[in-house]
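Participant: The structure's right below; bear with me while I get my questions together.
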Amino acid sequence: MMTLADSITFALVLGAGLALAAIVWSYAKGLRKSPRDLWLLFGYKFVEYSAYAAMNLSVILWLTADCGLGDVVAGSFISGWSICLSIMGMFAGALVDTIGIRKTMIISVSFLIIARLALVFLTNPVLVFILAFMPLAVGFAIVAPLISVAIKRYTTKEGAALGFGLFYVIMNIGYAVGGVFFDWIREFYGSKDAAGRILNENAGTVVLGHHFSTYQMIFLFGLGATCISLVITLFVRDGVEMTDGGEVVIRPGKPQGSSIAAIRKGASDTWKMIATTIVERFFWVYMGLLSLTLFVRFVFFHFHYTFPKYGIRVLGEGAKIGSIYGVLNPVLVVFLVPIVASLTKKTSSYKMMIWGSAISSLACFIAVMPASWFVNLTGSVWGELIFIKWLRMAPDMASLMAAPPPSEYWPLIFFIAIFTIGEAIWSPRLMQFTAEIAPRGKEGTYIALSILPFFVAKFFVGPMSGLLVKIYTPLDKAGNALASYPDHQMVWVWIGGMALLSPIGLLVFRNWFHKNTAHHESP
């Protein structure tokens with residue numbers, strides 16, 4: 001007999017499936033005349049974003065469990081990798097223009113293969129940074145400019161917006177797949193007791209006589225995914241473009257000499273543009289705005305690198321941290337962004353950033369609420385929907401109530417859901433606002449330099465992540481989690497307090513920004 005939870009699950013899955021199909025079709029039908037290379041690009045990015053999402057959730061756990069780094073040092077390592085990614089991103093754009101899309105894809109995949117091999121077989125921190133994190137930064141930094149150039153070349157002017165929209169959907173689906181895979185691998189390779197409860201999620205397995213930890217197995221599967229990406233890139237053609245008339249043409253490649261000359265001229269022109277831009281007062285007004293938004297944007301950093309350790313130590317081995325962030329967030333974003341955009345298209349970007357960042361920041365404090373406030377939900381239809389239908393933590397209600405999951409799941413799930421609603425409001429508008437206020441003819445320079453505040457702040461956010469985990473959810477001397485963490489909510493007090501600086505700052509400086517951007521674009 002079908003229960004109420006069964007009916008709700010069926011309706012949600014059917015509705016979400018139909019809505020997703022409609023969203024994808026609305027983009028795809030406008031791109032049906034695009035060359036096959038566009039669809040190969042989407043396939044390549046889906047594979048890579050899925051592998052990246054699983055790796056990104058695993059790496060902070062692996063640095064401590066397999067490489068022996070403490071929480072603060074591991075956080076600092078993550079900051080180092082993230083800084084390298086930012087540096088490489090500033091120089092990656094010219095590469096696509098000079099050597100073409102196919103060769104750039106091959107370079108990206110080659111560096112990713114080197115990086116994933118190192119992640120699988122190395123545990124020495126110095127070698128890991130040089131042979132894994134550095135190549136990973138190069139390989140993944142190329143992704144953003146590659147996408148921008150490829151979609152522009154593979155679509156008409158009218159179709160470019162559809163191409164970027166479809167890529168955004170595919171990217172988030174890839175992230176969700178990576179989150180599911182992350183949880184599944186940890187459960188599959190973790191050691192279990194007689195009742196099936198996970199005792200050690202990093203137990204791993206033996207492959208061809210070599211023992212791999214669970215986190216190394218995630219990297220190994222990521223290596224396999226990147227090999228698939230390499231095969232996909234071999235079918236991408238050089239010089240393919242789509243004219244504004246909708247015709248697919250193949251243009252001959254540039255001679256090597258002209259490419260080298262283009263690199264030199266591009267570098268010279270770029271430095272001249274940067275030199276004239278950074279002396280402008282309006283540029284520093286723009287940097288001030290981006291600096292204010294950093295605080296809420298860094299919650300994502302904590303989701304990726306603080307939350308995995310926090311979740312496992314507070315919720316227990318095998319905690320479904322991949323699903324409650326890595327799946328819930330991107331899935332909601334796919335559906336919420338177009339809805340919010342259609343309902344708020346007449347509202348200014350600046351106002352939307354204030355309201356959205358306020359919602360996301362305040363959502364952090366839901367995680368601070370006592371878990372006991374939510375405990376009765378476990379035995380309700382909501383408990384059945386979440387723990388049985390979605391997270392698959394029990395086969396039925398009787399089993400669920402006999403061994404209920406930690407009640408701390410509830411505030412975290414509500415926190416992430418509300419945070420994502422705010423994200424759907426402010427995140428797209430931040431990108432739009434950047435384009436709106438950048439002076440005509442300098443849009444590219446402003447967007448390229450927008451990384452500077454983020455770059456500087458990364459020196460601090462990684463160690464902060466490690467400190468929060470070490471202080472409020474420490475391990476014992478044997479490297480095992482404690483029985484309980486009475487002050488674990490303080491992690492989110494600090495993160496939420498930091499995030500609140502964004503909406504407060506945007507509100508306080510609203511008139512100042514209005515005055516200093518009045519001749520460009522009024523917020």
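Participant: In region 450-499, if every C-alpha pair distance is counted and binned at 10 Å from zero, what percent goes to each bin?
Facilitator: 22, 43, 24, 10, 1
Participant: Helix 328-343: angle to the longest alpha-carbon principal axis of the chain, degrees 0 to 90, nearest 10?
Facilitator: 50 degrees
Participant: So how far, in whole Å, is the C-alpha centre of region 461-479 from the one of region 1-40?
Facilitator: Answer, in whole Å: 41.
Participant: Given R₀ = 56 Å, FRET efficiency for Asn480-Phe235 by Cβ-Cβ distance, to 0.05? Present the calculation step by step, with values, prior to reporting the outcome.
Facilitator: Values: r = 49 Å, r/R0 = 0.87.
Given R0 = 56 Å and the Cβ-Cβ separation, E is 0.70.
Participant: Right, here's the next one. If we restrict to alpha carbons, what Rg and Dmax does the chain come to, in Å?
Facilitator: Calculated on Cα positions, Rg and Dmax stand at 23.6, 73 Å.
Participant: Continuing with this model, one more query. What is the mean projected area of the alpha carbon convex hull for region 1-156, to one decimal in square nanometres?
Facilitator: Approximately 13.2 nm², given one-decimal rounding.
Participant: If you don't mind, there's one more thing I want to ask. Using 0.36 nm per residue, how much length does the chain from Leu452 to Cys227 gain when fully extended, once their Cα-Cα distance is taken away? Walk me through the intermediate numbers first.
Facilitator: Numbers: separation 225, 0.36 × 225 = 81.00 nm, distance 3.33 nm.
77.7 nm is the gain from fully extending Leu452 to Cys227.
Participant: Here's something else I'd like to know. Using amide H atoms built in the peptide plane, which far-off residues or other-chain residues are under 5 Å from Val240 H to H?
Facilitator: For Val240, whose amide H was placed from the backbone, the distant partners under 5 Å are Arg251.
Participant: While we're here: Answer with one residue from Asn329, Met287, Tyr189: the one whose Cα lies farthest towards the positive end of the charge dipole of the chain, charges on Cβ with Lys, Arg +1 and Asp, Glu -1.
Facilitator: Met287
Participant: If each of Leu507 and Ile471 carries a label point 7 Å out from its Cα toward its Cβ, how far apart are those two points in nm?
Facilitator: Between Leu507 and Ile471, the label points sit 2.6 nm apart.
Participant: While we're looking at this one, here's another question. Helix 71-99 sits at what angle to the longest principal axis of the chain, using alpha carbons and giving 0 to 90 degrees rounded to 10?
Facilitator: That helix lies at roughly 30 degrees to the long axis.
Participant: Remind me, relative contact order of the chain in percent, using alpha carbon pairs under 8 angstrom and six or more residues apart? Please list the in-between numbers first.
Facilitator: On the way: 696 pairs, mean separation 114.1, N = 523.
Taking the mean separation of contacting Cα pairs over the length of the chain, I get 22 percent.
Participant: Suppose all protein chains stay in the model; what accessible area per residue would a 1.4 Å probe give for region 282-434, in Å²? Intermediate values should be presented prior to the final figure.
Facilitator: On the way: 5630 Å² over 153 residues.
With all protein chains present, region 282-434 gives 37 Å² per residue.
Participant: Non-local amide H neighbours of Asn200 (under 5 Å, H modeled in plane, Pro and chain starts lacking H): which ones?
Facilitator: Counting only residues 5 or more places away or on other chains, the set is Ser191.
Participant: Can you tell me how region 50-90 classifies by the Cα gyration tensor, rounded, prolate or oblate, using a/c under 1.5 as the rounded cut? Let's see the in-between values first.
Facilitator: Details: a/c = 3.39, a/b = 1.33, b/c = 2.56.
Since a/c reaches 1.5 but b/c is at least a/b, the shape of region 50-90 is classed as oblate.
Participant: Calculate one ³J(HN,Hα) per residue across region 215-231 by plugging θ = phi - 60° into the Karplus curve 6.51 cos²θ - 1.76 cosθ + 1.60, and present them in order as whole Hz with x for glycine and proline.
Facilitator: 5, 5, 5, 4, 5, 5, 5, x, 4, x, 5, 5, 5, 5, 4, 4, 4
Participant: At what distance in angstrom do the alpha carbon centres of region 108-155 and region 360-424 lie from each other?
Facilitator: Cα centroid to Cα centroid, the span is 35 Å.
Participant: Obtain the nm distance between the two label points defined at Val248 and Asn376 by a simple spin-label model: each point lies 7 Å from its Cα along the Cα-to-C-beta direction.
Facilitator: So the label points at Val248 and Asn376 sit 6.1 nm apart.
Participant: Also: Which residues does a label at Lys103 reach in region 220-251, if reach means a backbone N under 13 Å from a point 7 Å past the Cα toward the Cβ?
Facilitator: The answer is 238-239, whose backbone nitrogens lie closer than 13 Å to the label point.
Participant: In degrees between 0 and 90, to the nearest 10, how far off the longest principal axis of the chain does helix 409-437 point, with axes built from Cα atoms?
Facilitator: 10 degrees
Participant: Per 5 Å bin from zero, what fraction in whole % of the C-alpha pairs of region 86-202 is there, up to the bin with the longest pair?
Facilitator: Per 5 Å bin, starting at zero, the Cα-Cα P(r) for region 86-202 comes out as 2, 10, 13, 14, 18, 15, 10, 7, 5, 3, 2, 0, 0 percent.
The values are calculated or read from the model by the stated rules, or taken from the named source; none is laboratory data. This structure is a prediction, so every number in the text was calculated from the model and none was measured. For neighbour counting, all protein chains shown are included, and Cβ atoms are generated from backbone atoms with ideal geometry for every residue, glycine included. Protein only, heavy atoms only, side chains kept; ligands, DNA and RNA dropped before computing areas. Shrake-Rupley method; radii C 1.70, N 1.55, O 1.52, S 1.80 Å.
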